[in-house]
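Trainee: Got a structure for you, questions after.
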Amino acid sequence: MTALRLRRLPRPVAFYLLASVIVSFLAGSSAPTPLYAVYASRWGFSPITTTVIFGVYALAVLAALLTVGRLSDHVGRRPVLLAAIAIQAVVMVVFSTADGVPQLLIARIVQGLSTGAAAGAIGAGMLDLNKVRGTVANAVAPITGTAAGALGSGLIVQFLPEPRHLVYLVLLGVLVLQGLGVMMMPETTTPAPGALASIRPQFTVPPQARKQLLFAAPALVAVWALAGLYGALGPALVRLVSGSGSIVLGGLSLAVLAGSGAVAVLLLQRQSPRGLMLIGGVALIAGAGLTLLAVTFGSVPGFFIGTVITGIGFGGGFQGAIRSVMPLAAPHQRAGMLSVVYVISYLAMGLPAVIAGFLLVHEGDLLATAVQYGAAVMVLAALALLGVARPARVAEAVPAARQTRVAEGGQVSSRRRSRRLATNSPARPRTAR
């Protein structure tokens, strides 16, 4: 009996445990960013190698989302999470013992696969436990993890011994504790048949969410493409602007972007999804423009002020996109719907970063590559604003779920009225029939 009680965490504790797991997974994904300069100087690789190492992670996440992203809807959240945490722990060991680019690539690919497997299960699990807070947490937790990983890794690399090992060993310890917590967590969904069929690559969006996802997609692509730029080339841009080789300063660029995004999610959570995407689009355009000007003229304060504004656009746009589509998914569709959102996000993060690496090698000009990349992000943000600026279409998203409930309620009411008219008496309790 005692063992059974130990296996059941209270629902609020389970909710925050799940949020902490996605934070640690995303922290692990951004932890190598401040170390890329260390790896490059030690093993002598070019910027294209850096972007490939970054890009293969995003593509591996994409592959996992397309295959096992919906698996937790069928086998339960806990089994998927436990497997993903175990694999992620092994990845930390591979990172800490890597002695060349092949090991880094292997670690990033496996890390992406485990993160993709966990993302849908964690996000859906938080929605199972608390739909309102879960929607907010699905937007803020990944951004918080990205910021914590980049900044924490930079501080460890700069000030503590064994920088290529210690950051991953710290994350390994966190993952072990979280794995024990997940073992004590109650299952939040009822397993359903069709597990084997669910792992066939699919890109399925519930019919009631398709139109709204079409309007949210440009915002998702814009914000995550920008995150890809900071994740792959952020430290190099900071060195270009500041002339400093500080590891902390290099990691700070991604941390400031993600951190200001997380704060924006929390401060703007009372805004409507449409309002969030409007704020996000405007901030993204203004911030990216200011950042590019700062890079061009070598202004460190301008660079980080622009990054903060861009981060507000990142957080607002991402939260607005999630809140506009996730409430439209039924409980058994949540993991699959969230997987589709992440597929778009990681594809937007990975491919442009790799393309930027090729452009950088071909042109040999980091400034020109950053300007081209930033201009593309600004165009995408403008497209997102155009879509959101059509209130008649955007407004259709929220009433859609209500219309379904009203229609179902109307059908029940009609049947009851028919029975009453047929008997010319008040509806009787079922036990009296």
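The values are calculated or read from the model by the stated rules, or taken from the named source; none is laboratory data. All values derive from a computational prediction rather than experimental measurement. When we count neighbours, we look across all protein chains shown, and the Cβ atoms used for this are built from the backbone with ideal geometry, even at glycine. The protein model used for the area step is the full one, side chains on, heavy atoms only, and it has no ligands, DNA or RNA in it. Shrake-Rupley method; radii C 1.70, N 1.55, O 1.52, S 1.80 Å.
Trainee: Name the residues in the range 187-223 that are open to solvent by 40 Å² or more (accessible area, probe 1.4 Å), modelled with pLDDT of 80 or more and hydrophobic (A, V, I, L, M, F, W, C), would you?
Mentor: 221
Trainee: Here's something else I'd like to know. Consider residue 20 against the criteria (1) surrounded by fewer than 24 Cβ atoms within 10 Å (Cβ to Cβ); (2) under 19 Å from residue 230 (Cα atoms): it satisfies all of them except one. Which criterion is unmet?
Mentor: Every condition holds for residue 20 apart from (2).
Trainee: Are there any pairs with C-beta distances below 9 angstrom linking a residue in the range 337-360 that is without any contact (Cβ under 8 Å) to a residue 40 or more places away in the chain to a residue that is open to solvent by less than 30 Å² (accessible area, probe 1.4 Å) and not aliphatic (A, V, I, L, M), with the two at least 6 apart or on different chains, and if so which?
Mentor: Taking only residues 6 or more apart or on different chains, the pairs are 355/51; 355/55; 355/373; 359/369; 359/373.
Trainee: Since residue 37 meets every condition but one in (1) at pLDDT below 85; (2) under 19 Å from residue 114 (Cα atoms); (3) surrounded by fewer than 21 Cβ atoms within 10 Å (Cβ to Cβ), which condition does it not meet?
Mentor: It is condition (2) that residue 37 fails.
Trainee: Another question about this same structure. Taking into account only those residues within the range 91-103 that are of a type in the set (A, V, I, L, M) and over 22 Å from the mean Cα position of the chain (by Cα), which is surrounded by the most Cβ atoms within 10 Å (Cβ to Cβ)?
Mentor: It comes out as 98.
Trainee: Additional query: Anything in the range 66-75 that is of a type in the set (Val, Ile, Thr) and either closer than 14 Å to residue 115 by Cβ or crowded, with 24+ Cβ neighbours inside 10 Å (or both)? List them, or say none.
Mentor: Correct list: 67, 68.
Trainee: Tell me which of these residue 102 doesn't satisfy, since it passes every other one: (1) more than 20 Å from residue 258 (Cα to Cα); (2) in contact (Cβ under 8 Å) with a residue 12 or more places away in the chain.
Mentor: So the condition that residue 102 fails would be (2).
Trainee: Quick check, is residue 394 β-branched (Val, Ile, Thr), more than 29 Å from the chain's Cα centre (by Cα), more than 30 Å from residue 117 (Cβ to Cβ) and modelled with pLDDT under 75?
Mentor: Spelling it out, it is not the case that residue 394 is β-branched (Val, Ile, Thr), more than 29 Å from the chain's Cα centre (by Cα), more than 30 Å from residue 117 (Cβ to Cβ) and modelled with pLDDT under 75.
Trainee: Can you pull out every residue in the range 266-292 that is hydrophobic (A, V, I, L, M, F, W, C) and not in a helix (DSSP H, G or I)?
Mentor: Within the range 266-292, just 268 meets the criteria.
Trainee: Going by what's in this entry, would residue 78 be described as open to solvent by 10 Å² or more (accessible area, probe 1.4 Å), part of a helix (DSSP H, G or I) and in contact (Cβ under 8 Å) with a residue 12 or more places away in the chain?
Mentor: Criteria met by residue 78.
Trainee: If you don't mind, there's one more thing I want to ask. Looking only at the range 300-323, count every residue that is open to solvent by 10 Å² or more (accessible area, probe 1.4 Å) and either within 17 Å of residue 227 (Cα to Cα) or touching a Lys or Arg at 6+ places or on another chain (Cβ under 8 Å) (or both) and tell me the total.
Mentor: Total meeting the criteria: 5.
Trainee: Which one of these does residue 58 not meet: (1) modelled with pLDDT of 85 or more; (2) open to solvent by less than 30 Å² (accessible area, probe 1.4 Å); (3) among the small types (Gly, Ala, Ser)?
Mentor: Checking residue 58 against (1) modelled with pLDDT of 85 or more; (2) open to solvent by less than 30 Å² (accessible area, probe 1.4 Å); (3) among the small types (Gly, Ala, Ser), the one that fails is (1).
Trainee: Of the numbered conditions (1) surrounded by fewer than 23 Cβ atoms within 10 Å (Cβ to Cβ); (2) closer than 26 Å to residue 38 by Cα, residue 238 fails exactly one; give the number of that condition.
Mentor: (1)
Trainee: Take residue 355 and decide whether it is farther than 13 Å from residue 217 by Cα and assigned to a helix (DSSP H, G or I).
Mentor: yes
Trainee: Okay, next question. Looking at the structure I just gave you, is residue 63 at pLDDT 90 or above, assigned to a helix (DSSP H, G or I) and surrounded by 17 or more Cβ atoms within 10 Å (Cβ to Cβ)?
Mentor: no
Trainee: Only one of 345, 324, 299 is of a type in the set (Ser, Thr, Tyr) and either farther than 30 Å from residue 72 by Cβ or at pLDDT below 75 (or both); which?
Mentor: Result: 299 is the single residue among 345, 324, 299 that is of a type in the set (Ser, Thr, Tyr) and either farther than 30 Å from residue 72 by Cβ or at pLDDT below 75 (or both).
Trainee: Sort through 254, 278, 268 and tell me the only one that's open to solvent by 30 Å² or more (accessible area, probe 1.4 Å), touching a residue at least 24 places away in the same chain (Cβ under 8 Å) and touching a Gly at 6+ places or on another chain (Cβ under 7 Å).
Mentor: Being open to solvent by 30 Å² or more (accessible area, probe 1.4 Å), touching a residue at least 24 places away in the same chain (Cβ under 8 Å) and touching a Gly at 6+ places or on another chain (Cβ under 7 Å) holds for just one of 254, 278, 268, which is 268.
Trainee: On the given criteria, is residue 135 β-branched (Val, Ile, Thr), in a helix (DSSP H, G or I) and under 22 Å from residue 177 (Cβ atoms)?
Mentor: Answer is no for this residue.
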